[in-house]
Amino acid sequence: MDERIRSDSILALGQKIVDELGIDQSTDTLGRWMAHYIAEKMEDAEAATGEARDKKMSECNDLILKLWAHRSDLSNGQRPFEDFEPIFRVLKSLDLDDTMSRFFVKQGLEADLKDEDELVAQWLKMAFELDYTARMLIRYCLAIAAQDTVDKSRDWVALAEAITKEDDIDIRVVRFITNDVDDLNTEKPDDSKKRKIEDLLKRLEVFTDLSNMLSSHFRQQLEQTTP
């Protein structure tokens, strides 16, 4: 990425932070002080010329990036992805935050089970399908829960993407869920989005079928053990 473009992107992020912290309206003294401090540094850097400008701009960028790295420590009402924090907690409790790739990975299962007993392979496939389908359904439960909050986070994600391609987990989760929200809310979905919705419906039907199979299995066990 061109250094000038990256610098401009960092400044845009800094301005967004200043706007959110609030210079005059906020009742948070520390937040107001940080907003003033960053705004002054930005104005000073932009007004400078020559080598002095480059040095001040570098210092200003470093300050903004350091504050961005500690965005989760900002006060209530000022954190960039605050509305997503309940979703982050749910993902953490489900232990999904570091296994997101498994939402889409299925290849290799048949090869892994080719040497297994047929009955064993059937139950293992069922376990995989239940896990896979549950994760797909969890995705859309989270998307529905986030429908009213994603718009507030779009600017933050766009600004973060303009700075670096290496995303932190919160940014990846927000982008991931935002895409699902867009798929759900599209009035006239294109072919790709239609396929996603159709796949979700198929998964839901598979989940129902598997649940019924397991229910029948457990009923048979109860009947066999009932005197």
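When only alpha carbons are used to place a centre, region 43-93 and region 119-142 end up 39 Å from one another. The modelled label-to-label distance for the pair Ala127/Cys141, using points 7 Å beyond Cα in the direction of Cβ, is 2.2 nm. Looking at region 152-214, the GluC sites (Glu not before Pro) that sit in a DSSP loop and have at most 11 other Cβ atoms within 10 Å of their own Cβ are Glu166, Glu187.
As a rough guide to protection, the peptides 78-87, 44-53 ranked by mean Cβ packing within 10 Å, highest first, stand as 78-87, 44-53.
Bear in mind these aren't lab numbers, they're just calculated from the coordinates by the rules spelled out. Keep in mind that what you see is a predicted model, and the values were worked out from it rather than measured. Ideal geometry is used to build each Cβ from the backbone, glycine not excepted, and the neighbour counts take in all protein chains shown.
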